[in-house]
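One structure below.
The values are calculated or read from the model by the stated rules, or taken from the named source; none is laboratory data. Since this is a predicted model, take the numbers as computed values, not measurements. Reconstructed Cβ throughout: ideal geometry from the backbone, glycine too, with neighbour counts over all protein chains shown.
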Amino acid sequence: MEQGKWIDGKVLAKEIKGELAKEVAVLAEETGERPGLAVILVGNDPASETYVRGKVRDCEEVGIRSQLIRKPDTIEEDELLSEVQRLNEDPAIHGILVQLPLPDQINPDRVISEIRPDKDVDGFHPLNAGRLATGLDSLLPCTPHGILQMLKRSGVSIAGKHAVVVGRSNIVGKPVSLLLQRENATVTMCHSRTEDLAHHTRQADILVAAVGRLHMITRQHVREGAVVIDVGMNRTPEGKLAGDVDFDAVEPIASRITPVPGGVGPMTRAMLLYNTVKAARTFFT
Ligand code: GUN
């Protein structure tokens, strides 16, 4: 086990949180206000409860005010939309996050589209997705932005490199492909219908696994010396958290690799704080 090749998301997230805490303190000094984040949690899915608790705790650490709004899982879509509209108008709230997944009676796309784009700290609103795709400044989705920060802050060069992204979700695969391309990588996108996946992934200088299937990236998918970023958050049969990458098999041949837990997850959380501060700044000035 060669710890030096691990990209430690906890350490990098702490560094970012330190920077944000300073910025929040300066903003508070200059404006007398603090950034405010509202998190809406519908129902009581245990994983969502854990994520939301983490987000609220993170806010406290850097001096962001947070407000947790809980709604029963029987809530109608109209009522949830009204809640979003209320927060859109609330001058003390600069960031709005609706925790996903939502119950079946609610269309998540409608809810996401209702959030004011300048308060959309998840970066999921179609306007922010479109701004990213066209190269305009926007609130970036947290996991893709966290991945980019991980690469940059650990000295991985991106320009000219071949990045292969496995997974094409709106939350990770698509936006991380765009961000890597913006950084001048040559990007290949693979997905569930890709034929001979290993043929493609073996070409990667930087491999991003964002599929949500336990250990589907094995040693045969990885070129010696590749940088491997694991976005997966899966449970093993023993109930442990584990990634999309078979870490024990891949770690010996990777040049750099992110662990799960302690890799991309903490970076995602840090970038939510980053977006909240960024959103607040646009309201303060
Ligand atoms: N559920 C799991 N991850 C996320 C996320 O990043 N944002 C939201 N809103 N819900 C999630």
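Exactly one condition in (1) within 16 Å of the ligand (Cβ to nearest atom); (2) farther than 19 Å from G54 by Cα; (3) under 16 Å from the mean Cα position of the chain (by Cα) is false for T258; which is it?
The failed condition is (1).
Of D205, D230, which residue is touching a Lys or Arg at 6+ places or on another chain (Cβ under 8 Å) and in contact (Cβ under 8 Å) with a residue 24 or more places away in the chain?
When all the criteria are applied, what remains is D205.
Could you tell me which of the residues V26, V56 is under 19 Å from the mean Cα position of the chain (by Cα) and away from the ligand (no atom under 12 Å from the Cβ)?
V56
Going by what's in this entry, would E33 be described as assigned to a loop (DSSP other than H, G, I, E, B) and either more than 16 Å from the chain's Cα centre (by Cα) or not assigned by TED's automatic domain parsing to the domain that holds P91 (or both)?
Judged against the criteria, E33 is a match.
Take D104 and tell me if it is in a helix (DSSP H, G or I), of a type in the set (D, E) and assigned by TED's automatic domain parsing to the domain that holds E83.
For D104, the condition - in a helix (DSSP H, G or I), of a type in the set (D, E) and assigned by TED's automatic domain parsing to the domain that holds E83 - is not met.
Can you tell me how many residues within segment 112-149 are part of a helix (DSSP H, G or I) and either of a type in the set (A, V, I, L, M, F, W, C) or under 16 Å from V176 (Cα atoms) (or both)?
Looking only at that region, the number is 18.
Kindly provide the set of residues from segment 15-37 that are among the basic types (K, R) and touching a residue at least 24 places away in the same chain (Cβ under 8 Å), ordered by number.
K17, R34
Name, by its number, the condition in (1) in a loop (DSSP other than H, G, I, E, B); (2) hydrophobic (A, V, I, L, M, F, W, C); (3) farther than 23 Å from S48 by Cα that does not hold for I171.
Condition not satisfied by I171: (3).
When residues of segment 130-145 are filtered for being touching a Lys or Arg at 6+ places or on another chain (Cβ under 8 Å) and surrounded by 14 or more Cβ atoms within 10 Å (Cβ to Cβ), how many remain?
3
How many residues, within segment 147-180, are under 18 Å from the mean Cα position of the chain (by Cα) and within 23 Å of L272 (Cβ to Cβ)?
Result for segment 147-180: 23.
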